[in-house]
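The values are calculated or read from the model by the stated rules, or taken from the named source; none is laboratory data. Bear in mind the structure is a predicted one, so any value in this text is a computation, not a measurement. Reconstructed Cβ throughout: ideal geometry from the backbone, glycine too, with neighbour counts over all protein chains shown.
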């Protein structure tokens, strides 16, 4: 494991495990953490041997409390660097799973939201508390698409936290597991993704993103364009052969 003080980066087979490592500060994101998080995602994306990343937090108390407001108060005249928000300020080409090990509050909610999938420990909590401290929710449009306006407004207007089970019920979380099983469950989900053809995984993410950003007819047309190369790829031929021969396919990513 290569350790940086605020972010840990570990390779588990074809999966990168990225851990926010400030448990005493509820894994709040200060300047060093922000810089190291950028680097971790960039390292993951450019490594062809890695197929999936898992983002989690150290300890049991918090996944992340978001921006380190104590630092912001000390340095209020110095502009804060942008957070590495996947799909916004930073783009990666491979899936990322949030493994939420505790409270995901404010920017911590955003960190969970930006991932493609989310597994939560059964004691985890989620909350959008920015209005309670006079901050904005410019990052919220994807969440409104995800949850619908009524639930989104309730969460944002009240600033209340919700339990992991409620987050699962409203569609924000894919799976809830005991804390001791969190990383194993996330790795198992990653393994299921890794079993699939790399080109297909990339196409799935593109189709979903376009569907969220377009009307239905336009998204259908883009989906056809995105997926057309897959049907004539070497991996498509290999997938058919493997199915016929009752064996696991050997993906080449082409």
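A few remarks follow.
- Apart from one condition, residue 21 fits all of (1) over 19 Å from residue 202 (Cα atoms); (2) touching a residue at least 40 places away in the same chain (Cβ under 8 Å); the exception is (2).
- Filter result for residue 66 (in contact (Cβ under 8 Å) with a residue 12 or more places away in the chain, over 30 Å from residue 251 (Cα atoms) and either out of contact with any helix residue (DSSP H, G or I) (no Cβ under 7 Å at 6 or more places or on another chain) or surrounded by fewer than 21 Cβ atoms within 10 Å (Cβ to Cβ) (or both)): no
- Scanning the stretch 17-68 for residues that are under 23 Å from residue 129 (Cα atoms), in contact with a strand residue (DSSP E or B) (Cβ under 8 Å, 6 or more places away or on another chain) and either outside the structural domain of residue 119 (by TED's automatic domain parsing) or in a helix (DSSP H, G or I) (or both) returns 23, 33, 37.
- Just so you know, in the stretch 1-13 the residues that are in a loop (DSSP other than H, G, I, E, B) and surrounded by 15 or more Cβ atoms within 10 Å (Cβ to Cβ) include one that is modelled with the highest pLDDT, and it is 6.
- Failed item, numbered, when residue 212 is tested on (1) in contact (Cβ under 8 Å) with a residue 40 or more places away in the chain; (2) closer than 26 Å to residue 108 by Cβ; (3) within 18 Å of the chain's Cα centre (by Cα); (4) crowded, with 16+ Cβ neighbours inside 10 Å: (4)
- All conditions in (1) touching a residue at least 40 places away in the same chain (Cβ under 8 Å); (2) surrounded by fewer than 12 Cβ atoms within 10 Å (Cβ to Cβ); (3) not assigned by TED's automatic domain parsing to the domain that holds residue 152 hold for residue 178, with the sole exception of (3).
- Of the residues making up the stretch 229-254, those that are part of a helix (DSSP H, G or I) and in contact with a helix residue (DSSP H, G or I) (Cβ under 7 Å, 6 or more places away or on another chain) are 230, 235, 236.
- Residue 217 passes every criterion in (1) modelled with pLDDT of 80 or more; (2) outside the structural domain of residue 97 (by TED's automatic domain parsing) apart from (1).
- Flag if residue 62 is at pLDDT below 95 and within 21 Å of residue 119 (Cβ to Cβ): no
- Only one of the numbered conditions (1) in contact with a helix residue (DSSP H, G or I) (Cβ under 6 Å, 6 or more places away or on another chain); (2) within 23 Å of residue 206 (Cβ to Cβ); (3) modelled with pLDDT under 95 is not met by residue 87, and that is (1).
- Taking the listed residues 167, 190, the one that is in the same structural domain as residue 10 (by TED's automatic domain parsing), under 30 Å from residue 134 (Cβ atoms), buried (at least 18 other Cβ atoms within 10 Å of the Cβ) and within 22 Å of the chain's Cα centre (by Cα) is 167, with no other qualifying.
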